[in-house]
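S.K.: Below: one structure in structure tokens.
The values are calculated or read from the model by the stated rules, or taken from the named source; none is laboratory data. Just so you know, these numbers come straight off a predicted model, no measurement behind them. All Cβ positions, glycine included, derive from the backbone under ideal geometry; neighbour counts span all protein chains shown.
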Amino acid sequence: MALTQILGKRGEDLAVNYLEAEGYQIVKRNFRLRSKHEIDIIALRHGLLVFVEVKTRKNSIYGEPFEQVNSKKEKIISNTADLFLKHFKQAYEDIRFDIISIVMTDHQAKLKHIESAFHPTNF
């Protein structure tokens, strides 16, 4: 496994631990369906289904990790979320798209949870 994959996995594990501590139930990790695209974490809290993109970096020299989620990535996440909803055909009160941004150095991790980070047009 490449170093960037290891860092990404550590970031996702940290994000899952954070979400669970905040009362979220993890529905699915690394959801992929008929697509090469994936959603890192799908979580549920109080009837709200949350699609979470996790961005992890070793530093913020080139900006904060969440800044890497551009309009193209938002569209990919939105389309993949649409596939999830159509495939599982469950009723959810509401949905939301969040980003968890993590800067992980050798000594500490700085996590930022951005709720309602974007609003896709197809929902």
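S.K.: Suppose the filter is surrounded by 15 or more Cβ atoms within 10 Å (Cβ to Cβ), touching a residue at least 60 places away in the same chain (Cβ under 8 Å), farther than 20 Å from Leu3 by Cα and under 12 Å from the mean Cα position of the chain (by Cα); does Ala81 pass it? Don't jump to the end; show me each part of the working.
M.R.: On the way: surrounded by 15 or more Cβ atoms within 10 Å (Cβ to Cβ): yes; touching a residue at least 60 places away in the same chain (Cβ under 8 Å): no; farther than 20 Å from Leu3 by Cα: yes; under 12 Å from the mean Cα position of the chain (by Cα): yes.
Against the criterion (surrounded by 15 or more Cβ atoms within 10 Å (Cβ to Cβ), touching a residue at least 60 places away in the same chain (Cβ under 8 Å), farther than 20 Å from Leu3 by Cα and under 12 Å from the mean Cα position of the chain (by Cα)), Ala81 does not qualify.
S.K.: Going residue by residue through region 113-122, is there one that turns out to be modelled with pLDDT of 90 or more and at positive phi?
M.R.: Yes; the residues of region 113-122 include at least one that is modelled with pLDDT of 90 or more and at positive phi.
S.K.: Shifting gears a bit: Where residues in region 27-39 are free of Cβ contacts under 8 Å to residues at least 40 places away in the same chain and surrounded by 15 or more Cβ atoms within 10 Å (Cβ to Cβ), which of them is farthest from Val103 (Cα to Cα)? Talk me through it step by step, then tell me what you get.
M.R.: Residues of region 27-39 that are free of Cβ contacts under 8 Å to residues at least 40 places away in the same chain, as a first pass: 27, 29-30, 36.
The next check asks that each one be surrounded by 15 or more Cβ atoms within 10 Å (Cβ to Cβ); those that pass are 27, 29.
Values: Val27: 25, Arg29: 20 Å.
By that ranking, first place goes to Val27.
S.K.: Among the residues of region 91-102, count how many are modelled with pLDDT of 95 or more and either part of a loop (DSSP other than H, G, I, E, B) or among the β-branched types (Val, Ile, Thr) (or both).
M.R.: 3
Residue-wise test of (1) in contact with an Asp or Glu (Cβ under 7 Å, 6 or more places away or on another chain); (2) surrounded by 12 or more Cβ atoms within 10 Å (Cβ to Cβ); (3) closer than 16 Å to Arg29 by Cα.
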| position | (1), (2), (3) |
| --- | --- |
| Lys72 | no, no, no |
| Tyr92 | no, yes, no |
| Ile95 | no, yes, no |
| Ala117 | yes, yes, no |
| Pro120 | yes, yes, no |
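S.K.: Let me ask another. Among the candidates His113, His87, His107, which residue alone is outside any helix (DSSP H, G or I), surrounded by fewer than 18 Cβ atoms within 10 Å (Cβ to Cβ) and without any contact (Cβ under 8 Å) to a residue 60 or more places away in the chain? Please lay out each step first, then the result.
M.R.: On the way: His113 fails: without any contact (Cβ under 8 Å) to a residue 60 or more places away in the chain; His87 fails: outside any helix (DSSP H, G or I).
His107 is the lone residue from the list that is outside any helix (DSSP H, G or I), surrounded by fewer than 18 Cβ atoms within 10 Å (Cβ to Cβ) and without any contact (Cβ under 8 Å) to a residue 60 or more places away in the chain.
S.K.: Restricting to region 5-53, name every residue that is assigned to a helix (DSSP H, G or I), of a type outside the set (D, E, K, R) and modelled with pLDDT under 95.
M.R.: Hits for region 5-53 are Gln5, Ile6, Leu7, Gly8, Gly11.
S.K.: Spot the failing condition for Phe66; the list is (1) among the aromatic types (Phe, Trp, Tyr); (2) in a helix (DSSP H, G or I); (3) surrounded by fewer than 18 Cβ atoms within 10 Å (Cβ to Cβ), and only one is missed.
M.R.: Result: Phe66 passes all but (3).
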